[in-house]
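Structure record follows, encoded as structure tokens.
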Amino acid sequence: MKSLSAIMIRLCLVALIVGSLGACSLDNEQKEVQAAYTVHPDLMKDRDSLLDRLKQIDDYDAVTYTDNQLLEMKNSPESQDYKQVLISYVENELNKQIESYQTIDETSNEKYRALAVVTEDQTVYKILLTKKDEIWIVSSIAQLVWKEYAIG
């Protein structure tokens with residue numbers, strides 16, 4: 001971001017000298033670049049820091065199901081595999097494709113999973129799955145929004 005700002009400042013100085021003040025819109029340019037992602041690209045490359053940020057999330061949106069939905073899931077063999085439930089949820093409810101996912105909580109077990117999910121469009125989620133009556137369900141979800149990248 002700093003290199004983009006420096007370039008824009010130089011362009012603005014040139015525009016001022018030439019007399020075209022309308023070319024100076026540093027704020028708008030930065031907003032456009034920031035709007036292009038929800039997680040800073042450098043944080044996406046630093047997997048350990050990304051996972052640390054995800055582990056800190058404690059504010060989720062609850063996912064609820066009707067009795068009919070739960071009955072349908074009980075009758076579906078895919079509901080017994082948390083991986084299939086995760087893929088189905090991301091594709092059908094979020095309308096996205098999974099690029100990668102991994103378990104991120106040491107307390108994950110045969111009844112509970114906390115997963116880091118990165119979609120192909122680089123959106124990052126923390127998704128909690130629980131096993132209820134022998135089927136896995138997505139119980140909570142949180143999207144990570146972290147536009148700054150600072151080491152340390």
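Taken over the range 73-98, the residue count meeting the criterion of being surrounded by fewer than 13 Cβ atoms within 10 Å (Cβ to Cβ) and outside any loop (DSSP other than H, G, I, E, B) is 2.
No other residue among Y60, Y65, Y37 is under 24 Å from the mean Cα position of the chain (by Cα), at pLDDT below 80 and closer than 30 Å to L129 by Cβ apart from Y37. Filtering D105, D133 for residues that are of a type in the set (D, E, K, R), assigned by TED's automatic domain parsing to the domain that holds K55 and closer than 16 Å to D58 by Cβ leaves a single hit, D105. Within the range 107-131, residues that are surrounded by fewer than 13 Cβ atoms within 10 Å (Cβ to Cβ) reach partners that are assigned to a strand (DSSP E or B) with beta carbons closer than 6 Å, at six or more positions or on different chains, in the pairs K111/K131; E120/E99.
The values are calculated or read from the model by the stated rules, or taken from the named source; none is laboratory data. What you see is a predicted model; the values in this text were computed from it and never measured. All Cβ positions, glycine included, derive from the backbone under ideal geometry; neighbour counts span all protein chains shown.
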